[in-house]
1. Would you confirm, using the coordinates I've provided, whether GLU363 is modelled with pLDDT of 80 or more and either assigned to a helix (DSSP H, G or I) or surrounded by 13 or more Cβ atoms within 10 Å (Cβ to Cβ) (or both)?
2. For residues that are open to solvent by 70 Å² or more (accessible area, probe 1.4 Å) and either in contact with a strand residue (DSSP E or B) (Cβ under 6 Å, 6 or more places away or on another chain) or at pLDDT below 75 (or both), tally how many sit in the range 319-348.
3. With the requirement that a residue be in contact (Cβ under 8 Å) with a residue 24 or more places away in the chain, closer than 13 Å to LEU55 by Cβ and assigned to a helix (DSSP H, G or I), what does the range 84-96 give you?
4. In contact with a helix residue (DSSP H, G or I) (Cβ under 9 Å, 6 or more places away or on another chain), assigned to a helix (DSSP H, G or I), under 30 Å from ALA510 (Cα atoms) and open to solvent by 20 Å² or more (accessible area, probe 1.4 Å): which single residue out of ARG454, ARG408 fits that description?
5. With respect to SER316, is the statement that it is modelled with pLDDT under 70, hydroxyl-bearing (Ser, Thr, Tyr), more than 18 Å from LEU405 (Cα to Cα) and out of contact with any helix residue (DSSP H, G or I) (no Cβ under 7 Å at 6 or more places or on another chain) true?
Amino acid sequence: MDRGQLRGPHAAAPGDGDADGDGDADAPAAGARFALPRVSGGALSARRQLWAFALALIGGPLLTWLLVSIRSDETITADVLAYQLLVVLVSLVGGIWPAVFAAVMSAFTLNYFFVAPYYTASIADPRNVWALILYVVIAVLVSFVVDRAARAARAAQRSEAEAELLATVAGSVLRGESAIPAMVSRTRESLGLAGVRLIGPDGIPIATDGEPLRDGRFEAVGIGRTIDGSPRATLELHGHPLDDSERRLVDAMAAQLAAALERSDLAATARTADVLAETDQVRSALLSAVSHDLRRPLAAAVAAVGGLRAAGPQLSTEDRAELVATADESLATLSALVTDLLDVSRVQAGVLAVSPADIDGAEVVLAALDELGAQAFGGGDGGGPDRFELALDPDLPALRADPVLLQRVLVNVMANAARHSPPGARVGVSTSRLGRTAEIRVVDHGAGVAPERRDDMFTPFQRLGDTDNTAGLGLGLALSKGFTEGMGGTLTPEDTPGGGLTMVVALPIAEPDRPNGPSS
């Protein structure tokens with residue numbers, strides 16, 4: 001892992017946190033769960049040291065007043081032990097330096113108030129000099145032991161916090177859900193920084209947490225390596241200088257971030273592969289459907305024309321008419337298929353030509369019904385005009401739509417509803433007004449379509465529920481949706497009460513004195 005250089009001088013480090021969670025007033029408000037205690041400098045915070053000095057300055061005189069009131073030659077040992085207890089208490093609160101201060105102060109107090117001659121700095125018995133010196137040494141040693149214990153406790157607390165942090169980060173990487181932003185946030189919280197940013201190789205931030213310093217000072221850490229050896233990303237750390245233990249933690253976080261970035265890249269590659277696989281699947285379905293649906297009418301037309309040429313004048317008038325009709329029907333089917341393919345390409349390219357006009361919705365519905373009858377749609381599956389039940393609003397105002405495109409939409413939707421309805425069930429077609437919108441509803445009582453699959457209905461070459469190639473290319477609903485949206489409307493599937501699917505064609509109501517004309 002490479003480290004960038006520090007840009008500009010660093011600000012002073014924030015105050016150390018307490019072993020008991022009592023931080024300094026200027027400590028950063030980082031996340032309490034992941035903020036790591038700092039072990040640089042003293043083992044205890046400046047605030048606790050101030051409290052220890054205050055305890056020595058206040059507790060010493062109070063203890064002296066109490067002991068002087070009961071002073072005698074026999075109580076000198078108890079007096080020394082009492083001051084020794086005060087030194088221990090001060091060392092527990094504030095560490096070694098307040099304890100040394102308390103030890104020296106108590107030594108002078110013992111000499112002045114409890115060692116003869118009283119109320120003087122002189123000592124009559126030389127043995128008492130050595131006793132006071134030993135007292136100060138013992139007090140300093142005790143305070144040193146307490147300070148080392150506090151430092152060891154702080155180091156253990158930090159190690160525990162680091163272990164919890166790294167376990168959380170590793171779990172985030174394994175889960176793969178928002179791992180990178182979470183790791184950036186944890187880095188800022190644990191180190192007590194003003195802000196952390198993960199910058200991609202193109203200079204665009206991948207994840208940020210907090211705010212950078214106003215003067216732009218930060219330390220840059222390279223994350224991972226690309227094939228050419230350059231960093232995969234850069235981690236910007238805005239805040240105080242890092243000590244050695246914090247740098248080790250940053251190294252571990254950088255390794256986890258590199259793993260998360262690699263996982264993200266692999267996931268993106270997998271998604272791209274899935275898209276390519278779906279594209280290949282659609283292409284295969286298209287080739288299969290086109291080969292079948294184009295070959296069938298083409299083969300029929302070729303056979304009919306071949307029969308006409310082979311038989312020549314030997315054919316009767318009826319046979320000749322039948323072959324001509326077969327060729328005409330096959331070529332018409334072939335033309336319709338090619339037209340649908342061209343229309344799909346126009347819709348997807350956004351170049352569909354629309355000629356909007358003010359039209360009567362009921363007339364378009366009836367024209368679509370006549371077209372279904374002319375196509376003999378009901379000959380094979382009972383889907384003739386008698387399969388439809390009309391409920392047309394006589395007061396519906398004129399619609400603003402292209403009459404040719406709207407008729408094709410209704411023919412596709414009505415034919416699809418009849419095909420998927422149970423035998424003998426009738427398909428409802430109704431018109432109504434909703435504000436400035438006119439709705440044409442085509443209601444069937446078939447199996448319906450699950451809500452999560454309704455978007456697939458409008459995908460080209462999708463034939464939900466069909467397992468063979470006899471249902472066409474699967475372009476009907478895709479074209480219907482494209483035509484409807486091209487006319488400024490919507491085509492929406494809804495559930496039919498009692499079961500089935502309702503297709504709602506919504507188009508705008510015509511505005512008075514609006515000229516007709518083509519649009520794109």
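The values are calculated or read from the model by the stated rules, or taken from the named source; none is laboratory data. None of the values given here were measured: they were computed from a predicted structure. We place every Cβ from the backbone using ideal geometry, glycine too, and count neighbours over all the protein chains shown. Side chains included, ligands, DNA and RNA excluded: accessible areas come from the protein's heavy atoms. Shrake-Rupley method; radii C 1.70, N 1.55, O 1.52, S 1.80 Å.
1. Yes, satisfied.
2. 3
3. LEU86, VAL87, VAL88, LEU89, VAL90, SER91, LEU92, VAL93, GLY94
4. ARG408 is the lone residue from the list that is in contact with a helix residue (DSSP H, G or I) (Cβ under 9 Å, 6 or more places away or on another chain), assigned to a helix (DSSP H, G or I), under 30 Å from ALA510 (Cα atoms) and open to solvent by 20 Å² or more (accessible area, probe 1.4 Å).
5. No.
Residues checked against (1) in contact with a Ser or Thr (Cβ under 9 Å, 6 or more places away or on another chain); (2) at pLDDT 75 or above; (3) exposed (fewer than 12 other Cβ atoms within 10 Å of the Cβ); (4) more than 30 Å from GLY222 (Cα to Cα):
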position	(1), (2), (3), (4)
LEU235	yes, yes, no, no
LEU266	no, yes, yes, no
ALA273	no, yes, yes, no
GLU278	no, no, yes, yes
ALA285	no, no, no, yes
VAL305	no, yes, no, yes
ALA310	no, yes, yes, yes
